[in-house]
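Single-structure report; data block below.
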Amino acid sequence: MDKKAFTVIISVLVIVATATMAFAGTSTISKYTGKGYSHDKRFEDAVIVNAIDVSQYQGNIDWTKVKADGIDFAIIRVGGRGYSESGRLYFDDYYKKNIEGAKKAGIAIGIYYFSQAKTEKEAQEEVRHCLELLGKYDIKLPIFMDYEKAGNPGRIANLSKAQRTKNAKAFCEGIESAGYNAGVYSNLLFLENSIDGKNLSSLYTIWAAQYNDTCDFQSKYQIWQYSSDGKVSGINSRVDCNFWYIQKNPEASQEKSLANCDVKVEDMLYTGTKNYQPEVKVTYNGKTLTEGKDYKVAYVNNRNMGTAYAYVTGWGEYADYNLQPFKIAESSGTDESAGVESDVYKTGEYITGVVPGTDIKTFKGNIKIHTEGYTYKITDSAGKEVKDGIIGTGYRMTLYNSSGKKTGESIIVCRGDCDGDGKCGLSDLVKLRKHIMELDRYYGAAQMGLDVNEDEKVSLADLILVRKHIMGLSIIK
């Protein structure tokens with residue numbers, strides 16, 4: 001092996017191993033900051049949604065690019081109250097443009113209103129102003145009171161902790177009375193010392209800000225604003241980044257709870273880059289509920305192949321939420337009636353277990369079809385038939401019945417091959433590193449190709465196997 005190439009490989013491996021070990025377990029390396037963050041153990045069973053919050057200070061935003069960059073939720077400022085003694089109410093110059101742009105891009109919308117309420121009466125005034133600005137815009141996430149000290153000394157600096165808490169409750173009660181879900185945003189110190197964050201966390205959605213590698217708020221919270229220095233495609237300035245935690249098995253808080261509902265979502269077939277929003281059917285005690293009246297639906301991870309989620313939140317008489325997974329599949333799979341089997345590979349939607357360097361003849365020799373009249377072709381990812389050479393990840397096995405009609409298609413996965421050349425090399429090692437560190441993401445067959453040990457996850461163990469294979473210390477088999 002060329003000494004220079006060998007040095008590059010070792011350098012890459014050292015970087016990967018260090019980063020992976022440093023952020024093992026319930027940790028994330030944010031692609032928007034490049035830094036690692038550890039999640040509280042209470043969120044081990046949660047789906048973590050990438051969210052941003054924006055105002056006029058981000059300027060014009062290309063929301064389609066934002067969605068494509070992995071952002072599923074956005075919290076948009078509509079207005080607020082000034083922090084000088086006059087407390088003038090104002091609106092955000094870009095709020096309409098942001099709401100309309102995010103909605104069109106398929107991003108679920110929440111709202112925040114910057115409060116400097118000194119009294120419960122002022123908090124109620126802010127609610128009226130917020131709702132007046134929001135108008136008939138359809139939102140699917142809560143409306144938050146952004147409550148924090150501002151200015152020097154600022155309007156709310158000399159209030160008691162009890163009064164600030166009353167103001168927050170008055171705001172949230174007003175929002176809920178109007179039919180919306182309510183929440184409170186503030187920084188860690190304010191939540192712990194300047195307001196009764198523990199009490200509020202038992203009543204409303206808490207959005208805690210702490211620019212750190214962990215969030216130290218001990219009471220209940222659902223959103224962690226971890227940075228104000230994120231870089232997201234489609235936004236030219238820095239932006240606030242958040243982890244939004246959604247438990248897979250939430251508890252019911254009342255009788256009419258979506259946590260107790262039956263939610264059905266159909267799987268989808270991947271046909272290209274777009275947002276997949278399957279129809280959602282919700283029933284409660286045999287009654288079919290109505291979207292928009294009884295519940296609203298937001299979608300998570302619904303742009304690429306793999307597992308996506310319908311986040312169904314209660315509305316009107318119904319409370320809580322239900323998180324329902326659905327699959328965005330790369331292929332339909334082979335027709336079971338054809339009896340496709342293999343003693344070497346696993347067959348179905350994907351054909352897995354193929355080792356690097358497997359030629360077409362060998363591959364075909366390991367495939368059996370037990371039903372008379374069925375045939376198949378091997379094609380590359382562009383649909384062109386391939387009759388010789390080696391099998392690469394993303395190749396297709398397309399099945400035809402006795403009438404020549406296409407009845408199914410399976411995607412072939414070559415272990416250790418992400419780029420589709422049928423080999424396990426330095427390019428695949430780099431992709432594996434990026435995937436583990438969440439600096440880049442691969443989906444479907446490409447992701448499965450990185451799962452060398454076929455344990456249904458891409459991890460350091462796969463990286464070690466690839467490393468040994470490239471260095472000639474062992475062979476993937």
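Counting residues that are within 27 Å of the chain's Cα centre (by Cα), which strands (runs of 3 or more DSSP E) fully inside segment 73-167 reach at least 2?
Of the strands (runs of 3 or more DSSP E) lying wholly inside segment 73-167, those with at least 2 residues that are within 27 Å of the chain's Cα centre (by Cα) span 73-81, 108-115, 143-147.
Answer yes or no as to whether residue 180 is out of contact with any strand residue (DSSP E or B) (no Cβ under 6 Å at 6 or more places or on another chain), among the aromatic types (Phe, Trp, Tyr), outside any strand (DSSP E or B) and under 30 Å from residue 292 (Cα atoms).
On the way: out of contact with any strand residue (DSSP E or B) (no Cβ under 6 Å at 6 or more places or on another chain): no; among the aromatic types (Phe, Trp, Tyr): yes; outside any strand (DSSP E or B): yes; under 30 Å from residue 292 (Cα atoms): yes.
No, not satisfied.
Out of 253, 233, 257, which single residue is in contact (Cβ under 8 Å) with a residue 24 or more places away in the chain, polar (S, T, N, Q) and touching a helix residue (DSSP H, G or I) at 6+ places or on another chain (Cβ under 6 Å)?
233
Kindly list, by first and then second residue, each pair from a residue in segment 261-280 that is touching a residue at least 40 places away in the same chain (Cβ under 8 Å) and in a loop (DSSP other than H, G, I, E, B) to a residue that is among the acidic types (Asp, Glu) and surrounded by fewer than 12 Cβ atoms within 10 Å (Cβ to Cβ), limited to pairs with Cβ atoms under 6 Å and residues at least 6 apart or on different chains.
278/266
May I ask you to verify whether residue 152 is at pLDDT below 95, among the polar types (S, T, N, Q) and not assigned by TED's automatic domain parsing to the domain that holds residue 312?
yes
Does any residue of segment 71-86 turn out to be out of contact with any Gly (no Cβ under 7 Å at 6 or more places or on another chain) and modelled with pLDDT under 95?
Looking through segment 71-86, at least one residue is out of contact with any Gly (no Cβ under 7 Å at 6 or more places or on another chain) and modelled with pLDDT under 95.
Among the candidates 74, 105, 46, 51, single out the residue that is surrounded by 23 or more Cβ atoms within 10 Å (Cβ to Cβ) and under 21 Å from residue 306 (Cβ atoms).
Every option except 51 fails the conditions.
For segment 210-229, give me each residue that is assigned to a loop (DSSP other than H, G, I, E, B) and charged (D, E, K, R).
If the condition is that a residue be assigned to a loop (DSSP other than H, G, I, E, B) and charged (D, E, K, R), then 213, 216, 220 are the ones that fit.
Quick check, is residue 369 over 24 Å from residue 281 (Cβ atoms), in contact with a strand residue (DSSP E or B) (Cβ under 6 Å, 6 or more places away or on another chain) and among the aliphatic types (A, V, I, L, M)?
Here the answer is yes, as residue 369 does meet what is asked.
Return the residues of segment 423-450 that are crowded, with 21+ Cβ neighbours inside 10 Å and acidic (Asp, Glu); say none if nothing qualifies.
Passing the criteria: only 428.
I'm trying to understand the selection: among the residues of segment 177-203, which are free of Cβ contacts under 8 Å to residues at least 40 places away in the same chain and within 21 Å of residue 131 (Cα to Cα)?
Selection gives 177, 203.
Report whether or not residue 65 is within 23 Å of residue 30 (Cα to Cα), outside the structural domain of residue 441 (by TED's automatic domain parsing) and basic (Lys, Arg). Reasoning before the result, please.
Details: within 23 Å of residue 30 (Cα to Cα): yes; outside the structural domain of residue 441 (by TED's automatic domain parsing): yes; basic (Lys, Arg): yes.
Yes.
Looking only at segment 418-477, how many residues end up being free of Cβ contacts under 8 Å to residues at least 24 places away in the same chain and in a helix (DSSP H, G or I)?
Total meeting the criteria: 7.
In segment 398-421, how many residues are out of contact with any helix residue (DSSP H, G or I) (no Cβ under 9 Å at 6 or more places or on another chain) and buried (at least 22 other Cβ atoms within 10 Å of the Cβ)?
1
This table checks each residue for (1) touching a strand residue (DSSP E or B) at 6+ places or on another chain (Cβ under 8 Å); (2) of a type outside the set (A, V, I, L, M); (3) outside the structural domain of residue 185 (by TED's automatic domain parsing).
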{"residue": "205", "(1), (2), (3)": "yes, yes, no"}
{"residue": "209", "(1), (2), (3)": "yes, no, no"}
{"residue": "221", "(1), (2), (3)": "yes, yes, no"}
{"residue": "262", "(1), (2), (3)": "yes, yes, yes"}
{"residue": "267", "(1), (2), (3)": "yes, yes, yes"}
{"residue": "283", "(1), (2), (3)": "yes, yes, yes"}
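In segment 318-350, which residues are hydroxyl-bearing (Ser, Thr, Tyr) and part of a strand (DSSP E or B)?
321, 350
The values are calculated or read from the model by the stated rules, or taken from the named source; none is laboratory data. Please read these numbers as outputs of a predicted model, since none were measured by experiment. Quick reminder, even Gly has a Cβ in these numbers, built from the backbone with ideal geometry, and neighbours come from all protein chains shown.
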